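What follows is a short report on a single structure.
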Amino acid sequence: MRRLIITTIILFMAAIAITVVYFKNLNTSGLHTSQTMSTIPNNTALVFEFNNDDGFYDIFKDNKLFAAVIGKKQIDELDTLRSQLLGNQGLKNFFTGQNTFISLHPLKDHTVALLITIAATKNFNAEEIGKLPRQANKGLLVSAVNIDGKKGYTIYSGSLKKRFYLINKEDGIFTGSFSKELIDQSARYVPNKDKKLF
């Protein structure tokens, strides 16, 4: 009888420990997602969320609905940038599988620009982005910049012949755009921590 009671207590404690660990890990992802979303400026017209993996890009590359919303040219630019930047071996491990947000924002000239927001894994060092030109990927020219007090990078893609602006918002959350106006707006944006916008 004594052995049965001890075994039952041990199993009960193990069940409690497993439950605590499970719910603790389950809650972390949700908090990080809401923290990432809160850095997106609140003038967005539409937000797409997806998991950053190769499967997403294969599904949406030829999707007519997605192309109608953001434009085929911008999808091609995003795909090229993804392969050059997030596909780089130095960065790939830190961004694969992370929730990624693509938001559409109005500009002063009555056009729409895309803002990409993604959180890196906890052990990511932002200096890895500055090392890109020294690696095998010679198609990128990376320059460090300061945009409204936020550390950032101007990334010139030789294949796209365009600049992509990237800033480190907070806690390893990066946001980027091909539009300088939108990245300036994003750098200035301070979310209201007391109010949930989404």
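A few notes on this one:
- Beyond 26 Å in Cα-Cα separation lie the following of the pairs 64/180; 64/150; 73/150; 73/180; 122/169; 108/151: 64/180; 64/150; 73/150.
- For residue 145, the residues 5 or more places off, or on other chains, whose built amide H falls under 5 Å of its own are 152, 153, 154.
- Packing-based order for 161-168, 15-22, 109-116, using average beta carbon neighbours within 10 Å, highest first: 161-168, 109-116, 15-22
No lab work stands behind these numbers, since they all come straight from the coordinates. In this text the structure is predicted, and so the values were computed from the model without any measurement. Here the Cβ is made from the backbone with ideal geometry for all residues, glycine too, and neighbour counts use every protein chain on show.
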